[in-house]
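The values are calculated or read from the model by the stated rules, or taken from the named source; none is laboratory data. The structure displayed is predicted, hence computed values, not measured ones. Here the Cβ positions follow ideal geometry from the backbone for every residue, glycine too, while neighbour counts run over all protein chains shown. Side chains are part of the model used for accessible areas, which takes the heavy atoms of the whole protein and leaves out ligands, DNA and RNA. Shrake-Rupley method; radii C 1.70, N 1.55, O 1.52, S 1.80 Å.
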Amino acid sequence: MTRTFDPESYGKLLAEYQPRTINTEKENEQAIKLALTLEHRPNLTPEEETLLALLVTLIEKFEETHYPIPQGTSHSMLRHLIDARDMTPEALAEVIGSVEVVREIVNGDRPINPAEAQLLADYFHVDASLFT
């Protein structure tokens with residue numbers, strides 16, 4: 001049995017909950033609470049699913065604006081990959097060619113050139129753009 005979307009029923013949900021752009025932490029918390037309630041409700045109607053999607057969009061927009069994720073630098077990405085593999089920077093000497101160069105790169109004293117970025121990308125199996 002295919003469930004169909006009922007605009008009138010959705011209109012009633014919108015009138016009841018009145019979702020709108022989230023501007024404050026309190027409004028965000030209320031939206032999250034409602035979204036969690038809907039998410040854990042068994043057998044959502046198509047209208048409730050649509051309301052949940054709307055709430056998630058509003059929450060994400062608020063959080064992207066108020067809690068932006070800082071962009072990592074090429075050096076911080078390299079340090080993260082080294083830490084994640086529980087290795088020492090010196091272990092990359094074979095990849096880059098010199099312990100001294102690796103230390104300079106990891107410490108941020110020297111930029112990663114395109115050739116080194118590709119070598120690191122191949123070694124870590126990631127995209128070279130992480131290091132540029």
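Table for the structure above
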{"quantity": "Euclidean distance between Cα centres, the stretch 101-128 to the stretch 1-61, Å", "calculated": "45 Å"}
{"quantity": "Debye, to nearest 20: dipole size of the chain, +1 on Lys, Arg Cβ, -1 on Asp, Glu Cβ", "calculated": "260 debye"}
{"quantity": "Counting all C-alpha pairs of the chain, share separated by more than 21 Å (%)", "calculated": "59 percent"}
{"quantity": "Accessible-area ranking of M87, M77, largest first, probe 1.4 Å", "calculated": "M77, M87"}
{"quantity": "Portion, in percent, of the accessible area of the chain that falls on carbon or sulfur, probe 1.4 Å", "calculated": "53 percent"}
{"quantity": "The chain: relative contact order in percent, alpha carbon pairs under 8 Å with at least 6 residues between", "calculated": "19 percent"}
{"quantity": "T45/H125 FRET efficiency (R0 35 Å; Cβ-Cβ; nearest 0.05)", "calculated": "0.20"}
